[in-house]
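See structure below.
Since every read-out is calculated from the coordinates, none of them should be taken as a lab result. None of these values were measured; they are calculated from a predicted model. FYI the Cβ positions are ideal-geometry reconstructions off the backbone, even for glycines, and counts take in every protein chain you see.
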Amino acid sequence: MRPTDSAAASRFVPGVTAGASLDQVASDRMVEVCDLVKTFGKIRALDGVTFFAERGTVLGLLGPNGAGKSTLVRILTTLVRPDSGVARVAGLDVVADGQRLRSLIGLTGQSAAVDELLTGRENLELVGLWYHLPRREYRRRAQEILELLALGDAADRLVKTYSGGMRRRLDIGASMIADPPVLCLDEPTTGLDPRSRNELWRLVRERVGSGATVLLTTQYMEEAEHLADRIVVIDKGAVIADGTADQLKSRTGGATLEARVTKPSDLERAVAVLGDLSPTPPRSDVEQRQVSIPAGEGTDLLLDAGRRFQEARIPLDDLGLRRPTPDEVFLSLTAQPRGDAAPSSAEVTP
Ligand SMILES: Nc1ncnc2c1ncn2[C@@H]1O[C@H](COP(=O)(O)OP(=O)(O)OP(=O)(O)O)[C@@H](O)[C@H]1O
Ligand SMILES: [Mg+2]
């Protein structure tokens, strides 16, 4: 069983021992990045990035194509050196303590690093072998992960017969074999169908439940919202927002109250009703027979509006609060020009 170069290079380093001591980690900050800069020629892939992730949490690194997510993951997993700034994982410096650090991190890179000429089970067991896990332990763990990722039936088939999604799941499972305290997953659900994605989300939660810290990159606000305790949004190599999903959503203006009148002739009166409830003029859409105002988080506003429409005897087809979709939040955050978007709930490291 010989691993491919890509598998070896992108996941493990020979000679490391699993479960290296975490005693040296005084802080609860398992991932800490301060003013990190990385350039490739003229491209500033990272332009002074600062954030941290606490032990036993999921940090979602959200950003569009080319934002710098993979560069950051590659620095945190010691595959690339930063130009300047500091990055620590489990209290260890990624440059000075790289060798010790590698045994504490599990990585699933953006492209799959599995060996096509081995079976799924062999791929997983090989990782256990590389990490010097006892044979009984890695066999047990491989079986467990194969089942958790719904690969049990395909476990003894060669990976070259696997579908793209199966390879992706196997790749993710491989990063978890040695139970590393820190997991870096670079866009782990890209290309997965909704069922596989849910299985993966469950597995990530299970790892976090047992104390692991997960840094997960994604282009999907929905995924960050589902999984992440905190979300760091990066764009063009810089952090543009940092907070919980709710905090990020409220930065984009919160909910909208929308009323759709039954009769087009009532539209003007409906504008007047909502106009009394909003400091900004209501927006109306004649074709949709709809009037809307910004509503913050206000359910009280909804009840008030309902009462006023009743009093004014304006029949409605629909009245409700519409919260921004995850995609709208993402687009709104990443559409802001650089420099205008200082993190509102900034909890960045000094
Ligand atoms: N080895 C490299 N050589 C030259 N440029 C690079 C290299 N790696 C990354 N870059 C550039 O750095 C920037 C950030 O790339 P990175 O791969 O980190 O983005 P990303 O956020 O992971 O994007 P995606 O969502 O598309 O995976 C891009 O402009 C990219 O072209
Ligand atoms: Mg990437």
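General remarks:
- Candidates 229, 327, 300: whichever shows maximal mean-square fluctuation once the chain is modelled as a Gaussian network with Cα springs under 10 Å: 300
- Set of lysines near residue 38 by C-alpha distance (under 24 Å), chain-local residues within fewer than 8 positions excluded: 69, 236
- Only Lys, Arg, Asp and Glu carry charge here, each on its Cβ (+1 for the first two, -1 for the last two); on that basis the chain has a dipole of about 820 debye about its Cα centre.
- For residue 136, net neighbour charge (Lys/Arg +1, Asp/Glu -1) across residues whose Cβ lies under 14 Å away: +1
- Ranked by how many other beta carbons lie within 10 Å on average, peptides 157-168, 314-325 from highest: 157-168, 314-325
- The chain: most fluctuating residue of 216, 76, 203 per GNM, C-alpha cutoff 10 Å: 203
- Burial ordering of 231, 43, fewest other beta-carbon atoms within 10 Å first: 43, 231
- Between the listed residues 201, 271, 79, the Cα displaced farthest toward the positive end of the dipole of the chain, a dipole computed from Cβ unit charges relative to the Cα centre, is found at 79.
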